[in-house]
Amino acid sequence: MTIKRHDVVILGSGPAGGVVAGMCQKAGLDVVVVEEDGWGGVCPLRGCEPKKVLVDATHAVSRIRDMEGHGPVGSVSIDWQNLMQFKRALIDPIPDAVLQSLEKRGIKTVSGHASFVGEGQVEVSGYGILEGKHVVIATGARTRPLNVSGEELLLASRQFLELDTMPKSILFIGGGFISFEFACVAAAAGADVTIVHRSSRVLKGFDHDLSLSLIEGMKELGIKVFIDRPVLGVEKTDSGIVVTSRNDDGEKEYFTAELGVIGVGRIPNVDRLNLDAAGVTVSKRGVVVNDFMQSVSNPRVFAAGDCAEPGTPLTPLAVLQATTVARNIIDELLTKSDLRGAASVVFTHPPLMSVGMLEEEARKQGLDVIIHSGDAAKWSEHKRLGLKHAGYKIIEDRSSGRIVGAHYLGQHAEEVANIFGMAIRHGLTRENLMDHPWAYPSFGYTLRYMFS
């Protein structure tokens, strides 16, 4: 079999793979990208982008409902089929656009499944063997299996994003990003929504107090949240599904719905790559890499994005890691990965954000910190929106005044996250933020409330 040799072979065309491909090609390297499941990857096709189309539409409906009695009159609702048509009009052209963009820049493209057959060689189904001086794994993540009987009766997130009709009732299993975001979408679209989570802590990685406040707000949307309910199995019924769980008392409890969705997280999409053939070490969190995003066991291999340790499923982190990979391929290991200030946002109603350390993490590390926390629902910015559940918790290092963590539940959480993320990444202090002439009224200006 003929072996085609390149400077860089990239597995995956998502945000991480695309960044590496573009930077390496611009530096004059011979680059080939392999994709087996839609050019562009999960984020633009089956994740962030299509999700945000649904979130923005349903968030608009929820906002108008929040302001009932404060000016807006008349009912408003979601035409789900119309919304899905709009979503598809935006998303469906992406694969062709990504493919054309790569090829226009002189980057070779191959469609098919790739698996390693040597330290720097991969075999692509229906194509042949590619060999790279460097191989970059950027294959993303996939739905974490539930591992219970009847699991095949449940939908994954990508299938929820393609629903032609919204069911009358829907059950989400798991208490993470996917369940909470899609629950708010479904509730605003008129469904009866339930979330069942196995432990007492939902939204791992977010502030616990603010997560509880979010749950209270979601209850007002009609969403029922059950914690400490590990799922034992799923069965089909004439009207949908029934999910069996176990409650605090050890007794079985049953939840019925027309439709069920798995939302228990995502795992690195590396199990079909035959990594053993390349001597690539992998853990539960992804390909094990050093500070340069290089495999600790095979120096020819790099990894970036959701498939690489630490396996945090965030597009901005994937882009940062991919930039590190490309620089190290071009300049031979000069750049270390720096993920300080990367924020997480769950686009619920209202949205919740987290950046930097949690309070418990700061205390566990022995930091002497000042906690600035409070109820943000009393701010005029939220009162005029009719928002009843909002709050904040900012963690300041007492000795330096630097911000080491920020957590916020409320309108425009994603933009507040960007401000605090920049502060953490660049070592800004409380005084630096207080001295800035923020526009008023704006949610940037609310930083002053958080520290006063």
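For residues that are of a type in the set (Asp, Glu) and in a helix (DSSP H, G or I), scanning just the range 205-261, find the one that is nearest to residue 190 (Cα to Cα). First the steps, then the outcome.
As a first pass, look at the range 205-261 and keep what is of a type in the set (Asp, Glu): 207, 209, 216, 220, 228, 235, 238, 248-249, 251, 253, 258.
Cutting the leftovers down to in a helix (DSSP H, G or I) gives us 209, 216, 220.
Working: 209: 28, 216: 19, 220: 13 Å.
Per the stated criteria, the residue is 220.
Let me confirm something: among 46, 63, which residue is outside the structural domain of residue 411 (by the TED database), touching a His at 6+ places or on another chain (Cβ under 9 Å) and basic (Lys, Arg)? First the steps, then the outcome.
Values: 46 fails: touching a His at 6+ places or on another chain (Cβ under 9 Å).
Only one candidate qualifies: 63.
Which strands (runs of 3 or more DSSP E) does the range 348-452 wholly contain that include 2 or more residues that are charged (D, E, K, R) and not assigned by the TED database to the domain that holds residue 181?
Because the criterion is at least 2 residues that are charged (D, E, K, R) and not assigned by the TED database to the domain that holds residue 181, the strands (runs of 3 or more DSSP E) in the range 348-452 that meet it are 391-397.
Right, residue 51: surrounded by 13 or more Cβ atoms within 10 Å (Cβ to Cβ), in contact with a strand residue (DSSP E or B) (Cβ under 7 Å, 6 or more places away or on another chain), basic (Lys, Arg) and touching a residue at least 12 places away in the same chain (Cβ under 8 Å) or not? Walk me through how you get there before you give the answer.
Details: surrounded by 13 or more Cβ atoms within 10 Å (Cβ to Cβ): yes; in contact with a strand residue (DSSP E or B) (Cβ under 7 Å, 6 or more places away or on another chain): no; basic (Lys, Arg): yes; touching a residue at least 12 places away in the same chain (Cβ under 8 Å): yes.
The answer is no for residue 51.
Can you name the number of the only condition in (1) under 27 Å from the mean Cα position of the chain (by Cα); (2) at pLDDT 95 or above that residue 64 fails?
(2)
Can you tell me which of 280, 289, 325 is over 27 Å from residue 177 (Cβ atoms), crowded, with 24+ Cβ neighbours inside 10 Å and touching a strand residue (DSSP E or B) at 6+ places or on another chain (Cβ under 7 Å)? Before the answer, list the steps.
Values: 289 fails: over 27 Å from residue 177 (Cβ atoms); 325 fails: over 27 Å from residue 177 (Cβ atoms).
None of the other options fit; the residue is 280.
Here are some conditions: (1) closer than 23 Å to residue 427 by Cα; (2) out of contact with any Phe, Trp or Tyr (no Cβ under 9 Å at 6 or more places or on another chain); (3) surrounded by fewer than 19 Cβ atoms within 10 Å (Cβ to Cβ); (4) modelled with pLDDT of 95 or more. Residue 357 meets all but one. Which one does it not meet?
In the conditions (1) closer than 23 Å to residue 427 by Cα; (2) out of contact with any Phe, Trp or Tyr (no Cβ under 9 Å at 6 or more places or on another chain); (3) surrounded by fewer than 19 Cβ atoms within 10 Å (Cβ to Cβ); (4) modelled with pLDDT of 95 or more, residue 357 misses (3) alone.
Name the one entry in 122, 98 that is in a helix (DSSP H, G or I) and surrounded by 19 or more Cβ atoms within 10 Å (Cβ to Cβ). Steps first, answer last, please.
On the way: 122 fails: in a helix (DSSP H, G or I).
Matching residue, one of 122, 98: 98.
Quick grid of which residues meet (1) in contact (Cβ under 8 Å) with a residue 40 or more places away in the chain; (2) crowded, with 18+ Cβ neighbours inside 10 Å; (3) in a loop (DSSP other than H, G, I, E, B):
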site: 126; (1), (2), (3): no, no, yes
site: 129; (1), (2), (3): yes, no, no
site: 132; (1), (2), (3): yes, yes, no
site: 136; (1), (2), (3): yes, yes, no
site: 139; (1), (2), (3): yes, yes, yes
site: 142; (1), (2), (3): yes, yes, no
site: 152; (1), (2), (3): no, no, no
site: 158; (1), (2), (3): yes, no, no
site: 166; (1), (2), (3): yes, yes, yes
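Using beta carbons and a limit of 7 Å, which pairs, at least six apart or on different chains, have the first residue in the range 400-413 and closer than 21 Å to residue 377 by Cα and the second one among the hydroxyl-bearing types (Ser, Thr, Tyr) and surrounded by fewer than 23 Cβ atoms within 10 Å (Cβ to Cβ)?
From the range 400-413, the pairs are 409/213.
Any idea which of 8, 20 is of a type in the set (A, V, I, L, M, F, W, C), crowded, with 24+ Cβ neighbours inside 10 Å and in a helix (DSSP H, G or I)?
Numbers: 8 fails: in a helix (DSSP H, G or I).
The match here is 20.
This table checks each residue for (1) hydroxyl-bearing (Ser, Thr, Tyr); (2) closer than 14 Å to residue 444 by Cα; (3) out of contact with any Ser or Thr (no Cβ under 8 Å at 6 or more places or on another chain).
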{"residue": "368", "(1), (2), (3)": "no, no, no"}
{"residue": "374", "(1), (2), (3)": "no, no, yes"}
{"residue": "387", "(1), (2), (3)": "no, no, yes"}
{"residue": "392", "(1), (2), (3)": "yes, yes, no"}
{"residue": "403", "(1), (2), (3)": "no, no, no"}
{"residue": "408", "(1), (2), (3)": "yes, yes, yes"}
{"residue": "412", "(1), (2), (3)": "no, yes, yes"}
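For the range 423-450, give me each residue that is touching a residue at least 40 places away in the same chain (Cβ under 8 Å), exposed (fewer than 15 other Cβ atoms within 10 Å of the Cβ) and farther than 13 Å from residue 381 by Cα.
Passing the criteria: only 426.
Restricting to the range 271-316, count the residues that are under 20 Å from residue 143 (Cβ atoms), assigned to a strand (DSSP E or B) and β-branched (Val, Ile, Thr).
2
Of all residues in the range 174-204, which are part of a loop (DSSP other than H, G, I, E, B) and crowded, with 20+ Cβ neighbours inside 10 Å? First the steps, then the outcome.
Quick first cut of the range 174-204, residues part of a loop (DSSP other than H, G, I, E, B) only: 174-176, 189-191, 197-204.
174, 175, 176, 189, 191, 197, 202, 203, listed by residue number.
Residue 204 passes all but one of (1) out of contact with any strand residue (DSSP E or B) (no Cβ under 9 Å at 6 or more places or on another chain); (2) modelled with pLDDT of 95 or more; which number fails?
Condition not satisfied by residue 204: (2).
Could you please let me know if residue 249 is surrounded by fewer than 20 Cβ atoms within 10 Å (Cβ to Cβ) and in the same structural domain as residue 204 (by the TED database)?
Yes; evaluated as a whole, the condition is true for this residue.
What pairs come up if the first residue lies in the range 213-235 and is of a type in the set (Ser, Thr, Tyr), the second is in a strand (DSSP E or B), and their beta carbons are under 9 Å apart, counting only those six or more places apart or on different chains?
213/352; 213/375; 213/391; 213/409
Please enumerate the residues belonging to the range 1-24 that are within 18 Å of residue 332 (Cβ to Cβ) and either not β-branched (Val, Ile, Thr) or not assigned by the TED database to the domain that holds residue 325 (or both).
Result: 6, 7, 23, 24.
The values are calculated or read from the model by the stated rules, or taken from the named source; none is laboratory data. Because the structure is a prediction, the values reported are computed rather than measured. Ideal geometry is used to build each Cβ from the backbone, glycine not excepted, and the neighbour counts take in all protein chains shown.
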